[in-house]
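Below is one structure, written out as C-alpha cells; the observations come after it.
Each reported figure results from applying straightforward, stated rules to the coordinates on display, with no laboratory input. In this text the structure is predicted, and so the values were computed from the model without any measurement. Virtual Cβ from ideal backbone geometry, glycine too; neighbours counted across all protein chains shown.
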Amino acid sequence: TQLGNQVASFLESGLPVPDDIIIPLVRKRLSEADCVRNGWLLDGFPCTPMQAQAIIPDLFIVLDIADEQLVQRATGRRVDPATGIAYHKIFDKPEFEEVQLRLVERPKDRADVFTDNIKSYKRSISAVMEEIKTHKKPIKVINGDQPKEAVLADIE
C-alpha cells in the first residue's frame, strides 16, 4: 500500500516514523484478534511520549546495554536480499559461503545512522518512562549485556 511504502521508506533510512503515521498503524495491528487473544510485544515502541500516551503497555521493558555494544551489534547486522533473513557478521554468520557473499548492510545499520538513533533514544527515553509511570504501569530494566537466554529469563 501507499502507507506501507511510506513507513518502509522511513524504516529503511533509519529515520523514525512520525507519530501521526505510526500510532494509528500500531493501534490497528494491536486490535487484531491474534494480538487481543495472545498479547503483544513491541520492539522500539513507544519511543516518544505521544506514543506512550496513545498505546499503554501492561509492562514496559528497557534493555540496558552500553552504547558501544549496541553499535557493535547493529553495525554487524546483514540481510540476505534473496530470503530476507538477518545475520550478524560476528554473532550469527550464515552457514553457507554463497549466502555470506550476497549479504547486504541496511542503511539503518550503518554506524553513523545507528549512533544518531542512540542519541535520539537517550533524549526521549526519560520522557517516555515518565509517561508510562503516569499510567501506573511497571517498568522493568533488564541487563541487555548478557546471553539472550538470560535476557529472556529476566523478561519472564
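In the chain, the longest principal axis of the Cα atoms and the axis of helix 19-30 are about 90 degrees apart. Working from Cα pairs under 8 Å separated by at least six residues, relative contact order for region 77-123 is 35 percent.
State to the nearest 20 debye the size of the charge dipole of region 83-156 about its Cα centre, where the only charges are +1 on K and R beta carbons and -1 on D and E beta carbons.
With Lys and Arg at +1 and Asp and Glu at -1, about 480 debye.
So what is the 222 nm mean residue ellipticity for the chain from helices alone, if each DSSP H run of at least 4 adds -39500 (n - 2.57) and you divide by all residues, rounding to the nearest 500 deg cm²/dmol?
-16000 deg cm²/dmol
Normalised by the residues of region 35-156, what does the relative contact order come to in percent, with Cα pairs under 8 Å and at least six apart? Relative CO of region 35-156 lands at 38 percent. Taking every Cα-Cα distance in region 1-85 and sorting them into 5 Å bins starting at zero, the pair-distance distribution P(r) comes out as 2, 10, 17, 20, 21, 19, 10, 1 percent. Take every DSSP beta bridge whose two residues both sit in the chain; close to 50 percent of them are antiparallel.
A dipole drawn for region 112-156 from +1 and -1 charges on Cβ atoms has a positive end, and of 117, 142, 128 the residue lying farthest that way is 128.
Which links in 89/148; 119/140; 28/89; 108/140 stretch past 24 Å when you go from one Cα to the other? Flagged as over cut-off: 28/89; 108/140. With a ≥ b ≥ c taken as the square roots of the eigenvalues of the C-alpha gyration tensor of region 79-144, please select rounded if a/c is under 1.5 and otherwise prolate if a/b is larger than b/c or oblate if it is not? Verdict is prolate for region 79-144. Here the spin labels are modelled as points 7 Å beyond Cα on the Cα-Cβ line, and at residue 130 and residue 145 they lie 2.7 nm apart.
If the chain between residue 71 and residue 91 were fully stretched, how many nm would it gain, using 0.36 nm times the residue separation less the Cα-Cα distance?
5.9 nm
Axis angle, to the nearest 10 degrees, between helix 2-13 and the longest C-alpha principal axis of the chain: 60 degrees.
Calculated from the structure at hand, percent of Cα pairs over 23 Å apart is found among (1) 39; (2) 49; (3) 28 as (2).
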